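Taken together, the values in this text are just the output of simple stated rules run on the coordinates, not laboratory data. Because the structure is predicted, anything quoted here is derived from the model rather than measured. Here the Cβ positions follow ideal geometry from the backbone for every residue, glycine too, while neighbour counts run over all protein chains shown.
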Amino acid sequence: MKIAIYPGSFDPITKGHLDILKTGAEIFDKVIIAVARNSEKKGFLTVDERVKLIKESVKDIENIEVDSFEGLTIEYAKKRGAKVLLRGLRAVSDFEYELQLSQANSALSSDIKTVFLTTKPKYNFISSSTIKEIYLNNGDISKFVPEPVFEFLKTRNVS
Ligand code: ADP
């Protein structure tokens, strides 16, 4: 069984993330989307909220599991029996960071490979930080996030 881990902050999950995830689920037998608990970034949503919103957003896709993890991604991947990490690329600006990260991960564990996916062009520019900026300035984020995220943020006063 080919298992891939899609690690990230997902603060919150966007339609860009979801597109990557769906493509991953077509390629691999199982994709585990895993929210990193130890990100240096100050959270907008709590990890538990992020996990819950991802679960609601992917509930119809059977081969996707939602989890969170602490520590090194490669250790988590090993624990879950996965040899592939999924990451997304939007623009050249992502490339340098993502390349460095994937090379660091293969230096730490040579049998774990990173696979890069791209989204449909209409989702390409979307990032969690852009969404937060639009939301905090009372803009309409409905086109950019899955329905459960939109509903959650509409009813909650998150800042
Ligand atoms: P991290 O903090 O680990 O970068 P993110 O939640 O910001 O976590 O992103 C997780 C992964 O998804 C990263 O590889 C990022 O480049 C990718 N990603 C995010 N948004 C998009 C998008 N709109 N299109 C393609 N890839 C994306």
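Could you tell me how many degrees, from 0 to 90 and to the nearest 10, lie between the Cα long axis of helix 15-27 and the main elongation axis, the longest principal axis, of the Cα atoms of the chain?
Helix 15-27 sits at roughly 30 degrees to that axis.
Here are some pairs, LYS2/LYS132; LYS55/LYS154; LYS78/LYS154; LYS59/LYS113; which of them have Cα atoms lying more than 29 Å apart in this structure?
Values: LYS2/LYS132 34 Å; LYS55/LYS154 18 Å; LYS78/LYS154 38 Å; LYS59/LYS113 27 Å.
Check vs 29 Å cut-off fails for LYS2/LYS132; LYS78/LYS154.
Please determine, in degrees from 0 to 90 and to the nearest 10, the orientation of helix 47-57 with respect to the longest principal axis defined by the Cα atoms of the chain, where the helix direction is its Cα long axis.
Between the helix axis and the principal axis of the chain, the angle is about 90 degrees.
Taking GluC sites (Glu not before Pro) as candidate sites, keep only those in a DSSP loop with at most 10 other Cβ atoms within 10 Å, then name the longest stretch of the chain containing none of them.
With a cap of 10 other Cβ atoms within 10 Å, the longest stretch comes to 71-159.
Rounded to the nearest 500, what is the 222 nm mean residue ellipticity of the chain from helices alone, with -39500 (n - 2.57) per DSSP H run of 4+ residues and division by all residues? Provide the component values of the computation, followed by the final result.
Numbers: 6 runs with 66 residues, N = 159.
Mean residue ellipticity at 222 nm (helix-derived): -12500 deg cm²/dmol.
Using a cut-off of under 19 Å, list every residue of the range 21-63 whose amide N is near the label point 7 Å from the Cα of LEU136 along the Cα-to-beta-carbon line.
Only 39-47, 49-50 pass the distance filter.
Suppose every Lys and Arg Cβ carries +1 and every Asp and Glu Cβ carries -1, with no other charges. What dipole size does the chain come out with about its Cα centre, to the nearest 20 debye? Display every interim value, and only then the final one.
On the way: 24 positive and 22 negative charges, 11 e Å.
Computed about the Cα centre, the dipole is about 60 debye.
Using only the Cα atoms of the range 1-79, build the gyration tensor, take square roots of its eigenvalues as a ≥ b ≥ c, and label the shape rounded, prolate or oblate: rounded if a/c is under 1.5, else prolate if a/b is larger than b/c, else oblate. Could you put the intermediate results ahead of the total?
Details: a/c = 2.01, a/b = 1.22, b/c = 1.64.
Because a/c hits 1.5 or more and a/b fails to exceed b/c, the range 1-79 counts as oblate.
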